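**Q** For reference, the structure I am asking about is given below.
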Amino acid sequence: MLPSLKRTHRILSPFRSPSLSTMTFGTVVRRRVPRIVSVVSVTYSTSSSSTRMVIDKPQSYKFGVKPILFGVKPIPFGVKICSGSTEVKEMARKVWQDVYVVGGPDISDMLDCCVYLIDVADGDELVLIDAGAGRSFRTLVRNIEHLGFSVSALSHVVATHAHIDHIGALARFRELGAKIVAHELDAAAIESGEGIGAEFYGVPYEPCPVDVKMSGDALELKFRKHTLKIIHIPGHTPGSVAVLADIAGRRVLFGQDIHGPYMEALGSDTRLARRSLEKLLALNADILCEGHFGIYQPASAVRRYIEGYLRRL
Ligand SMILES: [Zn+2]
Ligand SMILES: [Zn+2]
């Protein structure tokens, strides 16, 4: 497969998978051509288990090139995940009243962002925040049903931004009857599949129409029991949005990819990001449901978390 292999060695990388929380290392083969490496497997470890993925189409990179996986820190040689599976260790769980986490690296698929479900009308209407990278669609459906809900009650999916790990299964959920909500500045990417980073993840993407294109700074989605405020937070991408809901005395903020990465190649703008993070701080949320790092509470922890990323910008 790789005839010009010279030697195989392991690298220990500083790559921390947000929700898996420990380190990752890859087996790297160095070719005869100097300064070119191929990553052939990646191991993800958590405190309780580890998952090894053998990459069926090894990717070669020059030393020093640092492609990134969305939502995680740059890795030294770049890893394109082409295949593999992950152990699902956890099912969906309740975050707060009417708020659940139904997907994420530990729950549905290692490529997924955290996927949140809000019961906005006593089970009659449900809203999903993001849809994962795509291949976990069935698992997400199973997890929603495991909570006792019917997926036919899914009325909206809010796509927080146009990156593959958040929008992969949008088209499938739309087929079930859910309306897709996104900011108009990211809608073209969601509808075309251009610039969403699917190539980094090695997963196919089915372009998906956006039914509710938000423009401007905010949009309210009113439901029988809860009102969701969609807030434009450009920075990570031009059309990134956060979702805010006051539920049972707690202010819950769904702030996907607050941590970035903030890179021009991803459509990021650090100046706008700074303003957006300040806007999020001013909301004084009690619970933060983040896109890859999970859930933060109480309010002081939310503040610390956002301030930490604001300082890095
Ligand atoms: Zn992400
Ligand atoms: Zn992203």
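The values are calculated or read from the model by the stated rules, or taken from the named source; none is laboratory data. None of the values given here were measured: they were computed from a predicted structure. Quick reminder, even Gly has a Cβ in these numbers, built from the backbone with ideal geometry, and neighbours come from all protein chains shown.
**Q** Being aromatic (Phe, Trp, Tyr) and part of a loop (DSSP other than H, G, I, E, B) is the filter here, so list the residues in segment 198-216 that pass it.
**A** Listed by number, the list holds a single entry, 205.
**Q** Pairs, please: C-beta under 8 Å, at least 6 apart or cross-chain, first residue at positive phi and of a type outside the set (Phe, Trp, Tyr) and in segment 156-184, second outside any loop (DSSP other than H, G, I, E, B) and away from ligand 1 (no atom under 16 Å from the Cβ)?
**A** Close Cβ pairs (under 8 Å, with a partner that is outside any loop (DSSP other than H, G, I, E, B) and away from ligand 1 (no atom under 16 Å from the Cβ)) amount to 177/152; 177/154; 177/155.
**Q** Within segment 202-217, can one find any residue that is within 14 Å of ligand 1 (Cβ to nearest atom), within 21 Å of residue 263 (Cα to Cα) and either at pLDDT below 95 or assigned by TED's automatic domain parsing to the domain that holds residue 110 (or both)?
**A** The answer is no, given that none of the residues of segment 202-217 is within 14 Å of ligand 1 (Cβ to nearest atom), within 21 Å of residue 263 (Cα to Cα) and either at pLDDT below 95 or assigned by TED's automatic domain parsing to the domain that holds residue 110 (or both).
**Q** Among the residues of segment 82-94, is any farther than 17 Å from residue 207 by Cβ, within 16 Å of ligand 1 (Cβ to nearest atom), crowded, with 17+ Cβ neighbours inside 10 Å and not β-branched (Val, Ile, Thr)?
**A** There is no residue in segment 82-94 that is farther than 17 Å from residue 207 by Cβ, within 16 Å of ligand 1 (Cβ to nearest atom), crowded, with 17+ Cβ neighbours inside 10 Å and not β-branched (Val, Ile, Thr).
**Q** Determine, yes or no, whether residue 305 is hydroxyl-bearing (Ser, Thr, Tyr), in the same structural domain as residue 120 (by TED's automatic domain parsing) and away from ligand 2 (no atom under 13 Å from the Cβ).
**A** Taking the combined requirement at face value, the residue satisfies it.
**Q** Show me the strands (runs of 3 or more DSSP E) entirely contained within segment 218-284 in which 2 or more residues are within 16 Å of ligand 2 (Cβ to nearest atom).
**A** 241-247, 250-255
**Q** Would you pick out the residues in segment 128-178 that are aromatic (Phe, Trp, Tyr) and either outside any helix (DSSP H, G or I) or within 15 Å of ligand 1 (Cβ to nearest atom) (or both)?
**A** Residue satisfying the conditions is 149 alone.
**Q** Name every residue in segment 150-176 that is in contact with a strand residue (DSSP E or B) (Cβ under 6 Å, 6 or more places away or on another chain) and either of a type in the set (Val, Ile, Thr) or modelled with pLDDT under 95 (or both), in order of residue number.
**A** Selection gives 157, 158, 160.
**Q** Of everything in segment 179-197, what is assigned to a strand (DSSP E or B), of a type in the set (A, V, I, L, M) and away from ligand 1 (no atom under 15 Å from the Cβ)? Give them in sequence order.
**A** 180, 181
**Q** Another one. Is there any pair linking a residue in segment 289-313 that is farther than 24 Å from residue 249 by Cβ to one that is of a type in the set (Val, Ile, Thr) and in a helix (DSSP H, G or I), with Cβ under 8 Å and at least six apart or on different chains, and which?
**A** 313/270
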